[in-house]
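What follows is a single structure, written as structure tokens, with notes after it.
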Amino acid sequence: MTEIAAQPKRPTTPDELSAAIAAAAQTGTQIHLTGSNSLPLTRFDAVRPVQTISTLRMNKLLEHAIADMTVTVQAGITLESLQKQLAWHNQWLPIDPPAPGGRSPGHRTIAGLIATNSLGPLRFGCGDYRLLVLGMRWVDSAGTLIRAGGRTVKNSAGYQTNRLMIGACGSLGAIAEVTLRTYARPADEQCVLFFCDSYPQAETLLAATLQSATVPAYVEMIGGRSFRANPLQLPASPAILVIGFLGRPEVCTAQVQAVRNLNEARNIEAISQTAAQAGRLRLWLTTEPAADVGFRIHALSSQVCPLMEQVEALAAKTGESWLVAEAAAGIIRGSVKTSDASNFWTQLREIARARDVTILATQGNFPGTPARDDDLLRRLKTELDPQNCFGLPPVN
């Protein structure tokens, strides 16, 4: 059993974070980085002790260049706090990350979101962290504070080593500060829901939408069983395709109508949603209920509908389930309540293996296989964390 220090360290500045990591590394202690503790990050050697370091007190907005539309923040600031401060200047970060266990997505920290590469439906139309993150200060396993990138959009000098931290789950270093690109808040949001009779019908409409002249901000697929608990009291069907748009009201209205007029959509029941309704629906799409099994599947967008159908059939045997996919991005998120979590997880991994897709547990503690043996990733880990102070990413 891994021994975890009872009292976590809570630095308030990058220098204090650097000193805490250096002190732990000198004694061979492993470092457990945490913020809101909403997702599992790293796994550790059971023999060596573990020191928890929390970034929650590193929660300041350091600089907001309003005209340049950039903002620099400490690692522990929450998404909700940052969005509120940006809203005063009619700006925002176009991210709506999932929050496993029914927690509020806004309570997650910026560093935690970047470390787990957590994005929601807006990933498709607004880009991922490679576009949002302009610069970063992070601490390596020796306690050295490293600066990467810059604070301006056009700064491209040097290596983009800040990108190594995106999705690394804190296994390569500790994020201390981040500079992000901000965007003007959209004037309107509208979406249209298509109530499809089957997943093949939804797949045909999805392909037609992606090939059309419209520019969706998000494209989501919802399992029929999941949608029965929808917050808007809308009718259910075997598969629901949600297509949303951001921008000026007249532009959103025109694009919604264009999607509804597609040949593939004309025989499918559809309902258009206004800004308030669309916003509530999008929030529901990212708030995963507490469950015995939580997972995320990464696949090609063409595999989403067949996988959704297969996984939903498996979940139907166990009881209550929640299944939503970022259809255009190829990411399926699910939560299942079951009395036999281990058996469900085994069958789910068999589905993933048969279709050659990646699966990651987000809730619960289930057996898995080691992460993919990638030579480049292994060499990066050896160079940046030779003593394995930050642990390893979660198992697949």
By the Cα gyration tensor axes a ≥ b ≥ c (a/c under 1.5 gives rounded; else a/b larger than b/c gives prolate, otherwise oblate), the shape of segment 231-330 is prolate
I need SER237, SER321 ordered by Cβ neighbour count within 10 Å, fewest first.
SER237, SER321
Segment 80-142: translational diffusion in µm²/s, Stokes-Einstein, Kirkwood Rh over Cα pairs, 20 °C, 1.002 mPa s:
165
From the P(r) of segment 111-172, can you give the percent of Cα pairs sitting at distances over 21 Å?
24
If each residue's Cβ is checked for other Cβ atoms within 10 Å, how do THR109, THR338 rank with the fewest at the top?
THR338, THR109
Long-range amide H partners of THR358 with built H, under 5 Å
HIS298
For a quick protection proxy, order the peptides 42-54, 300-312, 117-129 by their average other-Cβ count within 10 Å, most packed first.
117-129, 300-312, 42-54
Along segment 107-120, Karplus-curve 3J(HN,Hα) (6.51, -1.76, 1.60; θ = phi - 60°) to the nearest Hz, with x for Gly and Pro, reads 7, 7, 7, 4, 5, x, 5, 5, 4, 9, 6, 8, 9, x
Would you kindly derive the ³J(HN,Hα) couplings of segment 163-172 from the backbone phi angles with the Karplus curve 6.51 cos²θ - 1.76 cosθ + 1.60 (θ = phi - 60°), listing them in order in whole Hz, with x for Gly and Pro?
5, 5, 7, 6, x, 7, 6, x, 8, 10
Three principal axis extents, largest first, for the C-alpha atoms of segment 188-284, in Å?
34, 28, 17
Contact order relative to length for the chain, counting C-alpha pairs under 8 Å separated by 6 or more residues, stands in percent at 18
Please list, in order along segment 56-61, the HN-Hα scalar couplings obtained from phi with the Karplus expression 6.51 cos²θ - 1.76 cosθ + 1.60 (θ = phi - 60°), rounded to whole Hz, x for Gly and Pro.
4, 7, 8, 10, 9, 8
Number of Lys pairs (Cα under 27 Å; 8 or more positions apart or on different chains) in the chain:
6
Taking the highest mean first, how do the peptides 134-144, 379-389 order by number of other beta carbon atoms within 10 angstrom per residue?
134-144, 379-389
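Rule-based calculations on the coordinates, nothing more; no lab input. All values derive from a computational prediction rather than experimental measurement. All Cβ positions, glycine included, derive from the backbone under ideal geometry; neighbour counts span all protein chains shown.
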